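Everything on this sheet refers to the single structure shown next.
The values are calculated or read from the model by the stated rules, or taken from the named source; none is laboratory data. In this text the structure is predicted, and so the values were computed from the model without any measurement. Glycine also receives a Cβ, built like all others from the backbone with ideal geometry; neighbour counts cover every protein chain displayed. In case anyone asks, the SASA skips ligands and DNA or RNA and just uses the protein heavy atoms, side chains included. Shrake-Rupley method; radii C 1.70, N 1.55, O 1.52, S 1.80 Å.
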Amino acid sequence: MESESLYTNKSANISYLPEINAVYLEFIGKIENDDYKASYNKLLEFILAKNATAIITDQTKSQGGSMEARAWLVVNWLPEVKKELGDKKMLVAGISEAKFGFKKFISQYIEQTVKKMTPFPIEVFENLQDATTWIKKNQ
C-alpha cells in the first residue's frame, strides 16, 4: 500500500495512507515521554490537515512508554481530539501482537478508554493488513 511519510522522531514514524485516508502512527523502541507527546500531537495535526477518516496506531515494534505518558494521552490528548473532531466519523485501529502480560493489559486499557471517551469505533488487530481490511469494510 502506498504511503506518504509525514513525520519521524527517534520513537515514532507517522505516514499517510491515501488509499484508505488514514494517518498511521508506528512506535519504535523505547518511547520517551517528549517523543510520545510530540508523536500524538503531530498525529492530531495530520488527521486535521489530511481530513483523515481513520487512524492506525502500531505498537508491534514498541518497547513501551511510561505510565505518565499514557496518563497524558487520556487526560489531555483524547479530550483535545474529541474537541477538534466533534462528531466526525473516525475509525481507530490499533495494532499489537501482545497476547498476554503487561503489554496486553495496557493495550486493552487504552482501547477501552478510547471507547469510553470518544464516539469512534476502535478495534485492535495483530497486523496492518487486518487493520486496513477492517477500515476499508467500515468506511
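What pairs come up if the first residue lies in the range 35-61 and is on the phi < 0 side of the Ramachandran plot, the second is hydrophobic (A, V, I, L, M, F, W, C) and open to solvent by 50 Å² or more (accessible area, probe 1.4 Å), and their beta carbons are under 9 Å apart, counting only those six or more places apart or on different chains?
That search, which allows pairs on different chains as well, returns 56/128; 58/128; 60/128; 61/28.
Can you pull out the residues in the range 1-36 that are under 19 Å from residue 93 (Cα atoms) and not in a strand (DSSP E or B)?
Correct list: 1, 2, 3, 18, 19, 20, 21, 36.
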